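Working notes for the structure below.
What follows is calculated from the coordinates using simple rules that are stated; it is not laboratory data. None of the values given here were measured: they were computed from a predicted structure. Cβ atoms come from the backbone with ideal geometry, glycine included; neighbour counts cover every protein chain shown.
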Amino acid sequence: MRQIRANDHGVAAISFVEGVRDGRPWADYLEVIGPGAIEVIMAQLKGWAVSADVDLGRELVARGARRLRHAHSMYADLTALPSAPGAPPEGVRFTPVDRSPEDIYPAMSAAYPPGHVDHHARDRDEAIATELVPLLDGSMVGPLLPCSSLAVNDAGAVVAGVFVNDFKTVPWVTEVFRHPALSVPGTGGRLLRHVQLRAAADGLDRLGLAVSDGNPAQRVYSRLGFAVTHTAFTVAIEESP
């Protein structure tokens, strides 16, 4: 259900879908429906994350909000996939997500080096405890679905992964990662195709994901049938000092 906030004159100014993002209250799919929207957001949504269209998001940044992410939502239809399985590269096998978070994290971390649009400097143990473990146990987004898979090399190291979680009844690809030093280019795309086929075999008819603007992986997703359905600019409305 959409929430509505009014300006100082009692006139509806914004509407949004309320949720939670990274521990913050979240105004998602925010729309301007009346005068004074910027002032209402900056005054009434302090401490919130706000996802809106790109122009509004940039205007909020100009007013002091902190940019979090500019991303595209994409969906793939699973009802018309090729019948051939997604074959792994030589020396790699695809497995269920049957490794510990400690075994998975090195590949996940290496996939986003400094300079990557999704790079975030973070402590290893904290990232495992607050991001990876909750993602795998379902407490962050929703249950991890059985189609989720890893790519493992002959030495037993995880070199890539694709996680799919049940996000409010939508099968959502929450992570796609590849260790650039331990795998050949294309491993992530092949693994994602494998996951699509597994998801289809499980009766799912679509997969969704979000990709940051400027991430070259978007070209891979497009080649695998994902199409952009929505673009959002997400900011944090900081509390007053």
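Would you please put 90-103, 198-211, 148-161 in order of how densely packed they are, using the mean number of other Cβ atoms within 10 angstrom per residue and starting with the highest?
Ranking the peptides 90-103, 198-211, 148-161 by packing returns 148-161, 198-211, 90-103.
To the nearest 0.05, what FRET efficiency results for residue 102 and residue 166 with a Förster distance of 22 Å applied to their C-beta separation? If you can, show how the numbers build up before the last one.
Values: r = 25 Å, r/R0 = 1.12.
FRET efficiency, residue 102 to residue 166: 0.35.
Starting from the Cα gyration tensor of the chain, take the square roots of the eigenvalues, sort them a ≥ b ≥ c, and report rounded, prolate or oblate (rounded when a/c is under 1.5, otherwise prolate if a/b is larger than b/c, else oblate).
It is prolate, given that a/c is not under 1.5 and a/b is the larger ratio.
Once the piece of chain linking residue 46 and residue 79 is laid out straight, how much longer is it, given 0.36 nm per residue of separation minus the C-alpha distance between them? Could the numbers behind the result be given before it?
Values: separation 33, 0.36 × 33 = 11.88 nm, distance 4.29 nm.
The span from residue 46 to residue 79 would gain 7.6 nm if fully extended.
With point charges of +1 on the Cβ of Lys and Arg and -1 on the Cβ of Asp and Glu, referenced to the Cα centre of the chain, which listed residue (231, 38, 133) lies farthest in the positive direction of the dipole?
Ranked along the dipole, the leading option is 231.
Going by C-beta contacts inside 10 Å, put 75, 112 in order with the fewest on the left.
Ordered from fewest to most neighbouring Cβ atoms within 10 Å, 75, 112 come out as 112, 75.
For the pair residue 139 and residue 62, what calculated FRET efficiency results from E = 1/(1 + (r/R0)^6), where r is the Cβ-Cβ distance and R0 = 30 Å, to the nearest 0.05?
0.25
Which whole-angstrom value gives the distance between the alpha carbon centres of region 205-241 and region 148-167?
21
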